[in-house]
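> Mind having a look at this structure? Questions to follow.
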Amino acid sequence: ATSRGDAAYARHAVAVANQKPRLTLSGSLGGSSSRLGDIIDPTNLAANLLSNVSAPLFDGGLRAARVEAAQADIDAALARYKRIAIDAFEDVENQIDQGEVLHRREAALLSALEDARQALKFTQFRYESAEVDLLNVLQVQQRVSFTEAQLVSLRRARLVQYLNLSLALGTEPVGQET
């Protein structure tokens, strides 16, 4: 996006420069005549010089239109750059929001896992005391296993979110070699 903007600014600068009269020194003389005296005649030189200087001033607005077109290119490049920047900021913001949501969800799952493990200990104690049957113990064990699986999936999602945030920020993830 920045190279497009740089190119648009360069085209604009060229268009503005082309609006101005130009005097150049060269090894040739302008004009067409078969006689050397006519070519170096001060009147012919003055007329030739006047036409080269005044041409940019009387071109029917062509050069001004080129400047306007170049300015429109700059405006379009800036709009593209602005859109890209806004999209990048939104991507970073979304990744940070997702990280916060995943963090809160992980805390809730850790609490639920601790509760499930306590329930399993209590149910195993009751089973050993013959107060409940084996099916109750297996159901509580299943709840512990399910919560652990959810926690593993959530931690994977947090790693993916971290990588996406690193990419959105344009940085290498911590621990990665460059």
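The values are calculated or read from the model by the stated rules, or taken from the named source; none is laboratory data. Source: prediction; values computed, not measured. Every residue, glycine among them, receives a Cβ derived from its backbone with ideal geometry; neighbour counts consider all protein chains shown. Only protein heavy atoms, including side chains, enter the accessible area calculation; ligands, DNA and RNA are left aside. Shrake-Rupley method; radii C 1.70, N 1.55, O 1.52, S 1.80 Å.
> Mind checking which residues of the stretch 119-171 are among the basic types (Lys, Arg) and within 30 Å of residue 98 (Cβ to Cβ)?
143, 155, 156, 158
> Continuing with this model, one more query. Please tell me if residue 159 is on the phi < 0 side of the Ramachandran plot and open to solvent by less than 100 Å² (accessible area, probe 1.4 Å).
On the way: on the phi < 0 side of the Ramachandran plot: yes; open to solvent by less than 100 Å² (accessible area, probe 1.4 Å): no.
It is false that residue 159 is on the phi < 0 side of the Ramachandran plot and open to solvent by less than 100 Å² (accessible area, probe 1.4 Å).
> Please determine, by comparing only the residues of the stretch 61-87 that are among the charged types (D, E, K, R) and over 18 Å from residue 13 (Cβ atoms), which one is least open to solvent (accessible area, probe 1.4 Å).
Looking at residues that are among the charged types (D, E, K, R) and over 18 Å from residue 13 (Cβ atoms), I get 87.
> I need the full set of residues from the stretch 124-144 which are surrounded by fewer than 11 Cβ atoms within 10 Å (Cβ to Cβ) and either touching a strand residue (DSSP E or B) at 6+ places or on another chain (Cβ under 7 Å) or part of a helix (DSSP H, G or I) (or both), in order please.
Listed by number, the residues that qualify are 128, 134, 135.
Each row is one residue, and each column tells you yes or no for (1) over 24 Å from the mean Cα position of the chain (by Cα); (2) modelled with pLDDT of 65 or more.
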residue	(1), (2)
37	yes, no
47	yes, no
53	yes, no
74	no, yes
83	no, yes
88	no, yes
93	no, yes
100	no, yes
114	yes, yes
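> Would you check which residues across the stretch 60-115 are small (Gly, Ala, Ser) and either in contact (Cβ under 8 Å) with a residue 60 or more places away in the chain or closer than 30 Å to residue 156 by Cα (or both) and list them?
70, 76, 77, 85, 88, 99, 107, 108, 111, 112
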